[in-house]
Amino acid sequence: MVFRSRFWSWSVFAVVAVSFDLSVSFADDWTEWRGSKGDGLVGETGFPIEWSADKNILWQTELPAPGNSSPIVYGDRLFLTCAIDDGKERLLISFDRSSGRILWKRSKTYTQDDPTHATNPWCAATPATDGERVFVWNGSAGATAYDFEGNELWHRDFGVFIHQWGHASSPRIYKDLVIYFGSPGPRVILTALNKITGKTVWERLLDNVTSPPEELYGSFATPFVWQNGSRAELLLPLPGYLASFHPETGEELWRCDGLGDLTYSDAIVGDDVILAFSGFRGPAIGLRPPGPKETGNLTESHRLWINSTAVQRVGTGVIVGDHFYLCGRKGEIQCGSIYTGEVVWTHKLRQQAWSSICLADGRLYLTDQESVTHILNPGNNFELLRQNAMRPKERSNSTLVFSNGQLFLRTYDRLYAIATVPE
């Protein structure tokens, strides 16, 4: 059972600071879920491969409660969501990047019944920023935008979103829009707001994928923005199919059938293939990317393969060359062919893993539920480079963040800044 407490003290946090030269401008900010491009692929280099709770730690800050969301980074600020008081207070916390000091906390109160699973505390959605505003999605508690000083710019209430497992989808920014996916449950919406005013630009009710809140059915995925030639697309795995929507209008462009009743992982895109994976005991599919003018149901014309498997997937994977790398919920790391779906190798971790894989410096990074980060070489055979553990029994369901040679790891207890520290 995951530990959750309402008795964490706001006034007590520990910061272990190490002198480090940081400027306001950074090589690469990490502005959304899975990076500024949302794909988990890190363009910069120079990240550490060895750390522990007392090695290569720039600072650590205690958090008020457990959570599954990941931090985002822009310039000298970090932002992280967290819930206290059994979800009645939904927080956005701003941190100073150089020291881990908490700069401010802002909250939205939601006192109505809002169920979630013990392993998915409230505030599971990672925030997003455009460098001026920070966007937060709290399901039934609404969508809120703040400036970097913590001033509320706007707030929108979209109604009640209820499911026995809560929700997890994170906001996406596209041009002047911020896009939210409210799911799963009896009411499912995909909507885009003007990021400056908070006014609705478009809203699409997805009545075909609704379900009772107790039913094991629905999507927890985050939309992925894909530039398909001259056409931008919003890829979203849904129960039964992968869908593409126009991010400026919400119009459905195309779909490909073959997914199961539950989807958690985001779609991943390679040079000549798109992959989508179901959750609990559902299939995976691969399809040939459509042209920028193709629309409709593309199952017969574009689906390359469908692979039924018993793997339970939560985190999202990456494509490297001709292979995909993905970890199942119970800790089964798999390498497979992007063109056939055939599994090349499987390696079982000792712990379950819900986080997503990132690729940095040509290496795969994955953190399991015991906060152990496994660093692998991609290839035709399993090759473990390093395992970095934090404190014993320190849990984590969050995904590592990469920025300017530093890593940021959120556990259930702390937020860590990791970098190579000169001895």
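The values are calculated or read from the model by the stated rules, or taken from the named source; none is laboratory data. Everything numeric in this text was worked out from a predicted model, so none of it was measured. Don't worry about glycine lacking a Cβ; one is built from the backbone with ideal geometry, like all the others, and counts go over all protein chains shown.
Before moving on, here are some points about what is shown:
- Residue within the stretch 69-77 that is assigned to a strand (DSSP E or B) and under 28 Å from Arg204 (Cβ atoms) present: yes
Per-residue answers, yes or no, for (1) surrounded by 22 or more Cβ atoms within 10 Å (Cβ to Cβ); (2) over 16 Å from Val320 (Cβ atoms); (3) modelled with pLDDT of 95 or more; (4) touching a Leu at 6+ places or on another chain (Cβ under 6 Å):
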position: Gly336; (1), (2), (3), (4): yes, no, yes, no
position: Ala360; (1), (2), (3), (4): no, no, yes, no
position: Tyr365; (1), (2), (3), (4): yes, no, yes, yes
position: Asp368; (1), (2), (3), (4): yes, yes, yes, yes
position: Ser371; (1), (2), (3), (4): yes, yes, yes, no
position: Phe382; (1), (2), (3), (4): no, no, yes, no
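- Checked across the stretch 329-337, the condition of being closer than 18 Å to Ser371 by Cα, in contact (Cβ under 8 Å) with a residue 12 or more places away in the chain and of a type outside the set (D, E, K, R) holds for at least one residue.
- Restricting the stretch 237-254 to residues that are surrounded by fewer than 22 Cβ atoms within 10 Å (Cβ to Cβ) and small (Gly, Ala, Ser), the residue that is nearest to Ile285 (Cα to Cα): Gly240
Quick grid of which residues meet (1) closer than 19 Å to Asp413 by Cα; (2) modelled with pLDDT of 95 or more; (3) in a loop (DSSP other than H, G, I, E, B):
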position: Phe79; (1), (2), (3): yes, yes, no
position: Ile93; (1), (2), (3): yes, yes, no
position: Ser107; (1), (2), (3): no, yes, no
position: Thr111; (1), (2), (3): no, yes, yes
position: Thr116; (1), (2), (3): no, yes, yes
position: Gly131; (1), (2), (3): no, yes, yes
position: Thr144; (1), (2), (3): no, yes, no
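- Unique match (being part of a loop (DSSP other than H, G, I, E, B) and either touching a Pro at 6+ places or on another chain (Cβ under 9 Å) or buried (at least 18 other Cβ atoms within 10 Å of the Cβ) (or both)) among Leu234, Leu259, Leu275: Leu259
- Exclusive hit being outside any loop (DSSP other than H, G, I, E, B) and at pLDDT 95 or above, set Val201, Val160: Val201
- If only residues of the stretch 178-199 that are surrounded by fewer than 21 Cβ atoms within 10 Å (Cβ to Cβ) and touching a residue at least 12 places away in the same chain (Cβ under 8 Å) are counted, the one that is farthest from the chain's Cα centre (by Cα) is Thr197.
- Checking each residue in the stretch 307-334 for being of a type in the set (A, V, I, L, M) and either under 15 Å from Ile268 (Cα atoms) or at pLDDT below 95 (or both) picks out Ala310, Val311, Val314, Val318, Ile319, Val320, Leu326.
- Breaking point among (1) in contact with a Cys (Cβ under 8 Å, 6 or more places away or on another chain); (2) part of a strand (DSSP E or B), for Gly315: (2)
- Output for the stretch 64-89, where each listed residue is in contact with a strand residue (DSSP E or B) (Cβ under 6 Å, 6 or more places away or on another chain) and of a type in the set (A, V, I, L, M, F, W, C): Ala65, Ile72, Val73, Leu78, Phe79, Leu80, Cys82, Ala83
- Residue selected from the stretch 164-182 under the condition outside any strand (DSSP E or B) and in contact with a strand residue (DSSP E or B) (Cβ under 7 Å, 6 or more places away or on another chain), by the criterion farthest from Asp207 (Cα to Cα): Asp176
- Among the residues of the stretch 300-312, those that are touching a Pro at 6+ places or on another chain (Cβ under 8 Å) and either in a loop (DSSP other than H, G, I, E, B) or farther than 30 Å from Gly362 by Cβ (or both) comprise His302, Ile306, Ser308, Thr309.
- The C-beta contact set for the stretch 376-389 (first residue free of Cβ contacts under 8 Å to residues at least 12 places away in the same chain, second residue among the aromatic types (Phe, Trp, Tyr) and part of a strand (DSSP E or B), distance under 9 angstrom, 6+ apart or interchain) is empty.
- Within the set Ala141, Ala125, the sole residue that is within 24 Å of Lys37 (Cβ to Cβ) and aliphatic (A, V, I, L, M) turns out to be Ala125.
- Looking across the stretch 339-381, the residues that are of a type in the set (Gly, Ala, Ser) and in a loop (DSSP other than H, G, I, E, B) come down to Gly341, Ala353, Ser355, Ser356, Gly362, Ser371, Gly379.
- Test: residue in the stretch 326-335 that is assigned to a strand (DSSP E or B), under 21 Å from the mean Cα position of the chain (by Cα), of a type in the set (Gly, Ala, Ser) and within 30 Å of Arg303 (Cβ to Cβ): yes
- Yes/no for Ile268 being farther than 19 Å from Glu32 by Cα, surrounded by 24 or more Cβ atoms within 10 Å (Cβ to Cβ) and of a type in the set (A, V, I, L, M, F, W, C): no
- For the stretch 279-299, residues that are at pLDDT 95 or above, crowded, with 19+ Cβ neighbours inside 10 Å, in contact with a Lys or Arg (Cβ under 9 Å, 6 or more places away or on another chain) and part of a loop (DSSP other than H, G, I, E, B) total 1.
- Failed condition for Gln227, given (1) at negative phi; (2) in contact (Cβ under 8 Å) with a residue 12 or more places away in the chain; (3) out of contact with any His (no Cβ under 9 Å at 6 or more places or on another chain): (2)
- Sub-7 Å Cβ pairs linking a first residue in the stretch 144-161 that is among the acidic types (Asp, Glu) to a second residue that is surrounded by fewer than 16 Cβ atoms within 10 Å (Cβ to Cβ), at least 6 apart or interchain, are Asp147/Glu132, ordered by first then second residue.
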